[in-house]
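Undergrad: The structure that follows is given in the form of structure tokens.
The values are calculated or read from the model by the stated rules, or taken from the named source; none is laboratory data. Everything numeric here is computed off the predicted structure, so don't read it as measured data. Note that each Cβ is placed from the backbone with ideal geometry, even for glycine, and that neighbours are counted across all protein chains shown. The protein model used for the area step is the full one, side chains on, heavy atoms only, and it has no ligands, DNA or RNA in it. Shrake-Rupley method; radii C 1.70, N 1.55, O 1.52, S 1.80 Å.
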Amino acid sequence: MTPLHTHIRRLSAVIAAACGIISALSAQEGGSTAYNFLNVTSSSKVYGLGGVNISLVDDDINIIDQNPALLGSEMSNQIALNYMHYMGGSNFAGIRYGHSAGEHGAWAASIQYFGYGSMKETGPDGSILGSFSPKDVAFGASYSHDITDRLRGGGTLKMLYSGYAEYSAFALATDLGINYYDPDHDLSLSVVVANLGGQVKRFTETYDRLPVDLRLGWSQSFGSFPVRFSVTAWNLTKWRSPYMDTGDGSDSAEPVMKDSFMSNLFRHLVFGIDLISSQNFYIALGYNYKARTDMSTYSRSFISGFSIGGGLKVKNFGVNLALSQPHSGALSLMFNLSCNLDNLIK
């Protein structure tokens, strides 16, 4: 048996064990799924490709929040800033730095801040007590290692702090990922188990579960055609996921569960294409059917579910932008600025 076959067998065992853990966690009754800010990417390129992409092989260090196995020594001494104006008064920002660890390894550290604007604080009787600014903060530490010349594995440990008025909570989460990349055919395949972990300190006596997920990804270009295609399957821990729909256009909404196989299938898939004709410029387009159906009650527009992004590299700096319009009254904008400090010093 070749070493590669041995690695694949070990990987299959790890994935099978992870699936068992995820199934057990998903079957737990009681508690609610919280910490959904973990599903918001810090990469403008990923956001332009639909918001979820675990197989994109690129030199942008922000993509590793999707899959720690995408981190590599080629990102050594790279620093990146990200900012996102989300719906309402929400603003997200963060910074990430990476460095090589020997010839076949790399590490990265990050901090992400999620602010949701100012909200009114009310008492049990509805009286207004004042205002507060809820926030979430995620500290991340990642490590990756080359298993073979085409196979790389990685992990990210995330420490999560949440503060909502006088309530606070602390949780730990882990992402585990693996990526196979064939440079001869520009083929990338990935598997990620995201957000394994739990709360260390609760808001109240109620236990809030993390959004544990299993994700599969494929990215590939074909020959000299300068376009790369990506398909990412996510939310695989639950086949049918409800969304709110009024049905008759009234203000009252009820959760809807689609019975159609194709509708449920497409709510698990994110599609992306990016133009890769130049190393210094790209254009990305994505479609997220789940994002579109989730907005069915909230005045979605024709372009709800679609996203677009672009990037430009000038000397030592990279600038990326991405836009989406979840519904007609909201426009989300994401901005990234990256720099390779090695090139800057030279």
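Undergrad: Of the residues that sit in the range 130-158 and are hydrophobic (A, V, I, L, M, F, W, C) and open to solvent by less than 70 Å² (accessible area, probe 1.4 Å), which one is farthest from Q66 (Cα to Cα)? Explain how you work it out, then say what you get.
TA: Here is the first cut: in the range 130-158, the residues hydrophobic (A, V, I, L, M, F, W, C) are 132, 137-139, 141, 147, 151, 157.
Keeping just the survivors that are open to solvent by less than 70 Å² (accessible area, probe 1.4 Å) gives 132, 137-138, 141, 147, 151.
On the way: F132: 31, V137: 17, A138: 14, A141: 13, I147: 19, L151: 17 Å.
Per the stated criteria, the residue is F132.
Undergrad: D184 - would you say it is in contact (Cβ under 8 Å) with a residue 12 or more places away in the chain and among the charged types (D, E, K, R)? Write out each step before concluding.
TA: Numbers: in contact (Cβ under 8 Å) with a residue 12 or more places away in the chain: no; among the charged types (D, E, K, R): yes.
In short, no.
Undergrad: Can you tell me which residue within the range 72-89, out of those that are aliphatic (A, V, I, L, M) and open to solvent by less than 10 Å² (accessible area, probe 1.4 Å), is nearest to S304 (Cα to Cα)? Please lay out each step first, then the result.
TA: Within the range 72-89, the first condition is being aliphatic (A, V, I, L, M), and the residues that meet it are 75, 79-81, 84, 87.
This time we only want the ones that are open to solvent by less than 10 Å² (accessible area, probe 1.4 Å), so: 75, 80, 84.
Working: M75: 33, A80: 28, M84: 18 Å.
Looking at the filtered set, the residue picked out is M84.
Undergrad: Do any residues in the range 50-71 that are without any contact (Cβ under 8 Å) to a residue 24 or more places away in the chain and open to solvent by 10 Å² or more (accessible area, probe 1.4 Å) have Cβ atoms under 7 Å from those of residues that are part of a helix (DSSP H, G or I) and hydrophobic (A, V, I, L, M, F, W, C), where the two are at least six apart or on different chains, and which pairs are they?
TA: Once the first residue is without any contact (Cβ under 8 Å) to a residue 24 or more places away in the chain and open to solvent by 10 Å² or more (accessible area, probe 1.4 Å) and sits in the range 50-71, its partners that are part of a helix (DSSP H, G or I) and hydrophobic (A, V, I, L, M, F, W, C) give D59/M75.
Undergrad: How many of the residues in the range 193-238 are part of a loop (DSSP other than H, G, I, E, B), in contact (Cβ under 8 Å) with a residue 60 or more places away in the chain and touching an Asp or Glu at 6+ places or on another chain (Cβ under 8 Å)? So that I can check it myself, show each step before the final result.
TA: The initial filter retains those residues of the range 193-238 that are part of a loop (DSSP other than H, G, I, E, B), namely 202-207, 210-212, 222-226, 234-238.
Restricting the remaining residues to those that are in contact (Cβ under 8 Å) with a residue 60 or more places away in the chain gives 206-207, 210-212, 234, 237-238.
With the extra rule that they be touching an Asp or Glu at 6+ places or on another chain (Cβ under 8 Å), the set shrinks to 234, 237.
Adding up the residues that qualify gives 2.
Undergrad: Considering only residues of the range 139-183 that are among the charged types (D, E, K, R) and at pLDDT below 95, which is farthest from F37 (Cα to Cα)? Quick ask: steps written out before the conclusion?
TA: Initially, the range 139-183 is screened for residues among the charged types (D, E, K, R), giving 146, 149-150, 152, 158, 166, 175, 182.
The next check asks that each one be at pLDDT below 95; those that pass are 149, 166.
Values: D149: 34, E166: 20 Å.
Among them, the one singled out is D149.
Undergrad: If I go through the range 109-129 residue by residue, how many of them are over 24 Å from the mean Cα position of the chain (by Cα) and open to solvent by 30 Å² or more (accessible area, probe 1.4 Å)?
TA: The qualifying residues number 11.
Undergrad: Among the residues of the range 275-305, what is the count of those that are surrounded by fewer than 20 Cβ atoms within 10 Å (Cβ to Cβ) and either closer than 18 Å to Q220 by Cα or modelled with pLDDT of 90 or more (or both)?
TA: So the answer is 9.
Undergrad: For the range 193-203, does any single residue satisfy the condition of being touching a His at 6+ places or on another chain (Cβ under 8 Å), open to solvent by less than 50 Å² (accessible area, probe 1.4 Å) and modelled with pLDDT of 95 or more?
TA: No, because not a single residue in the range 193-203 is touching a His at 6+ places or on another chain (Cβ under 8 Å), open to solvent by less than 50 Å² (accessible area, probe 1.4 Å) and modelled with pLDDT of 95 or more.
Undergrad: Inspect all residues belonging to the range 152-163 and state whether any of them is touching an Asp or Glu at 6+ places or on another chain (Cβ under 9 Å), touching a residue at least 12 places away in the same chain (Cβ under 8 Å) and over 25 Å from D213 (Cβ atoms). Even if it seems obvious, please write down each step before you answer.
TA: Initial filter on the range 152-163 (touching an Asp or Glu at 6+ places or on another chain (Cβ under 9 Å)): 152-158, 160-163.
If we keep only those that are touching a residue at least 12 places away in the same chain (Cβ under 8 Å) as well, we get 152-158, 160-163.
With over 25 Å from D213 (Cβ atoms) added as a condition, the list becomes none.
No, there is no match, as no residue in the range 152-163 is touching an Asp or Glu at 6+ places or on another chain (Cβ under 9 Å), touching a residue at least 12 places away in the same chain (Cβ under 8 Å) and over 25 Å from D213 (Cβ atoms).
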